[in-house]
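First comes the structure, then the notes that go with it.
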Amino acid sequence: MISRPTTEQILNNCSRELTEVVLPAVEDETVKVTVMMLDLVLRNAALRAAHEIAWMTDEIAAMQAFAGTARPPALASLHLDAVAEAYGAASEAFSAAMESAVAAGDDAKVRRGAELMDRRVGREEELMAGWTPVGR
Amino acid sequence: MNEGGAVDDDTPMPVRFERFLAAVEPDRAATVTAFKPISGGYSRVTARVDVRWSDGDEEKLILRMDPPPGKEGVFSSERDREWSVLQALWADGTVTIPRPRWYDTGEHLGTKAIVMDFVEGTPLQLTLQPDGDFRPATDIYLDVAATLQRIPLKALPGEIEHPDDWDSAIDSAIDIYGRGERGLVESDPVIRYVTAWLRANKPPPVPLGVVHGDFQPGNILVAAGREPVVIDWEFTRIGDPREDVGYYSGSPLPNSLYTADADYFLARYRQVTGLSEEQVNPDVMRYFFILGMAELMIQMMQGADALARGEPKPVMNTFLINSISYFHQNYVDICRP
């Protein structure tokens, strides 16, 4: 395959074209808002493409360890669907372990789990591509 | 109109609206003199309609309708239920709302639609200027919150669930997260965590009241010499009234009345409601911020989930993944032991 430009570079270039070429030619206010949303979604996707497999594989191991999963299933492959499937399974194990820790009042374990969540939501923040809420 | 009674898709909405008015007011004909869509809402299609009647009367109306099938937004609610709530609130009269006029189940307008009086006024949110004195607006906002608490629960229609007690109301509100998350294609550890945290950290109870469901200053219209008018009752239910104010306390809306002066805000809220400091304090507000966000958060997550299931959706659904991430961060910070 042609690996360069990377997916991130391709999507960011689409974003640039959208804002520099398409957006100025749009007159309908509703469509303008849609184009601006598309631009952000493209930049979100570019960042995801650059990092998601590495981030998910990293978190899968940490979440399964937190949950005490004795033999976490091995990744079937590094194809995105396979990694997302394993990430989903690890997220479920992590969720159940956190629920138990909160219900048991195990603050030490909850704190450790919250640190894992910090990593997760920190990466979510990176993927926001600088977006901040503007209100409804 | 086609054989099934539905309105043809290409019939202009002003024409449909005139036909609708002819049906609900058969003794006088109406002419639509202006039809102006109102932008900004995430959930409903809204328009201001100016009407001239054959008897010479002129009226300004608000048409609030479901999006056409296939063009639904991220947020959804039941128009039948909202219409019942509006009628009940108007009949009760404790809180001022625009007069609900007519309801179309879709026969004339092609989709469920509520027609109400247009009310002159400015959304309280738009009166807030950076560096301005927010106390007068805070007083208005909290006075309205206290008014909502005075609405007798028996005034609300049967379609609204009437919880047996505070615990069951809170459990039901928490379960919006629990039930919603269980229906997603992928587990969300943050939502599972906060759901467990909400169950384990219930605040002291207060009497149940009417929960507006989107109680932000943008939904309070103000004008000189008149009571504030509260709009957008689509998410209304019976619950802990602190859900409304807590929901707003963590809102990312600019010029927040809460963050501008939280001490004043909370003291005033206690004063107008008679609630104690144990019942109303910053920790309790954070609790009810998470709880009050439940419906909107889950609907945003369901919007993203639909994409994950391969359903084509407007770009708004994808765009709002950023909003989910924003609230994830807030939730984890609030629940941290």
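The values are calculated or read from the model by the stated rules, or taken from the named source; none is laboratory data. The model shown is predicted, which means the values in this text are computed figures rather than measured ones. Note that each Cβ is placed from the backbone with ideal geometry, even for glycine, and that neighbours are counted across all protein chains shown.
Key figures for this structure:
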{"quantity": "Qualifying residue in the stretch B:269-289 (condition: in contact (Cβ under 8 Å) with a residue 12 or more places away in the chain, part of a helix (DSSP H, G or I) and either more than 30 Å from B:Ile140 (Cβ to Cβ) or polar (S, T, N, Q) (or both))", "calculated": "yes"}
{"quantity": "B:Thr111 being hydroxyl-bearing (Ser, Thr, Tyr), part of a helix (DSSP H, G or I) and surrounded by 13 or more Cβ atoms within 10 Å (Cβ to Cβ)", "calculated": "no"}
{"quantity": "Members of the stretch B:204-261 found to be within 12 Å of chain A (Cβ to nearest Cβ) and either among the charged types (D, E, K, R) or not in a helix (DSSP H, G or I) (or both), listed by number", "calculated": "B:Asp214, B:Gln216, B:Asp232, B:Gly250, B:Ser251, B:Pro252, B:Leu253, B:Pro254, B:Asn255, B:Ser256"}
{"quantity": "Condition met for A:Gly122 (modelled with pLDDT of 95 or more and surrounded by fewer than 17 Cβ atoms within 10 Å (Cβ to Cβ))", "calculated": "yes"}
{"quantity": "Per-region count, the stretch B:89-98, residues more than 15 Å from B:Ile220 (Cα to Cα) and either in contact with a strand residue (DSSP E or B) (Cβ under 8 Å, 6 or more places away or on another chain) or assigned by TED's automatic domain parsing to the domain that holds B:Val222 (or both)", "calculated": "1"}
{"quantity": "Residues (in contact with a Gly (Cβ under 8 Å, 6 or more places away or on another chain), without any contact (Cβ under 8 Å) to a residue 60 or more places away in the chain and within 30 Å of B:Ala267 (Cβ to Cβ)) located in the stretch B:102-136", "calculated": "none"}
{"quantity": "Hits in the stretch A:98-116 (condition: touching a residue at least 12 places away in the same chain (Cβ under 8 Å) and facing chain B (nearest Cβ under 9 Å))", "calculated": "A:Met98, A:Ala101, A:Val110, A:Gly113, A:Leu116"}
{"quantity": "Unique match (being closer than 18 Å to B:Val95 by Cβ, out of contact with any Cys (no Cβ under 7 Å at 6 or more places or on another chain) and among the acidic types (Asp, Glu)) among B:Asp188, B:Asp143, B:Asp171, B:Asp164", "calculated": "B:Asp143"}
{"quantity": "Enumeration of residues in the stretch A:89-108 that are surrounded by 13 or more Cβ atoms within 10 Å (Cβ to Cβ) and assigned to a loop (DSSP other than H, G, I, E, B)", "calculated": "A:Asp106"}
{"quantity": "Residue count, the stretch A:67-83 (criterion: within 13 Å of another protein chain (Cβ to nearest Cβ) and either crowded, with 20+ Cβ neighbours inside 10 Å or in contact with a helix residue (DSSP H, G or I) (Cβ under 6 Å, 6 or more places away or on another chain) (or both))", "calculated": "2"}
{"quantity": "Qualifying position, being closer than 22 Å to B:Met297 by Cα, acidic (Asp, Glu) and more than 8 Å from chain B (Cβ to nearest Cβ), among A:Glu126, A:Glu92", "calculated": "A:Glu126"}
{"quantity": "Which listed residue, of B:Leu296, B:Leu307, is surrounded by 22 or more Cβ atoms within 10 Å (Cβ to Cβ) and part of a helix (DSSP H, G or I)", "calculated": "B:Leu296"}
{"quantity": "Among the candidates A:Ala50, A:Ala86, residue that is in contact (Cβ under 8 Å) with a residue 24 or more places away in the chain, more than 10 Å from chain B (Cβ to nearest Cβ), over 21 Å from B:Val185 (Cα atoms) and not in a loop (DSSP other than H, G, I, E, B)", "calculated": "A:Ala50"}
{"quantity": "Conditions (1) modelled with pLDDT of 95 or more; (2) closer than 30 Å to A:Ala45 by Cα; (3) surrounded by fewer than 20 Cβ atoms within 10 Å (Cβ to Cβ); (4) not hydrophobic (A, V, I, L, M, F, W, C); number of the one not met by B:Asp283", "calculated": "(2)"}
{"quantity": "Count - residues of the stretch B:161-201 that are out of contact with any helix residue (DSSP H, G or I) (no Cβ under 6 Å at 6 or more places or on another chain), outside any helix (DSSP H, G or I) and within 13 Å of chain A (Cβ to nearest Cβ)", "calculated": "1"}
{"quantity": "Any hit, the stretch B:147-162, residues being of a type outside the set (Phe, Trp, Tyr), touching a Leu at 6+ places or on another chain (Cβ under 7 Å) and either at pLDDT below 95 or not assigned by TED's automatic domain parsing to the domain that holds B:Phe235 (or both)", "calculated": "yes"}
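To keep it simple, each residue is scored yes or no on (1) under 26 Å from B:Trp166 (Cα atoms); (2) modelled with pLDDT under 95; (3) not basic (Lys, Arg).
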| site | (1), (2), (3) |
| --- | --- |
| B:Asp240 | yes, no, yes |
| B:Tyr247 | yes, no, yes |
| B:Gly250 | yes, yes, yes |
| B:Asn255 | no, yes, yes |
| B:Phe265 | yes, no, yes |
| B:Arg270 | yes, no, no |
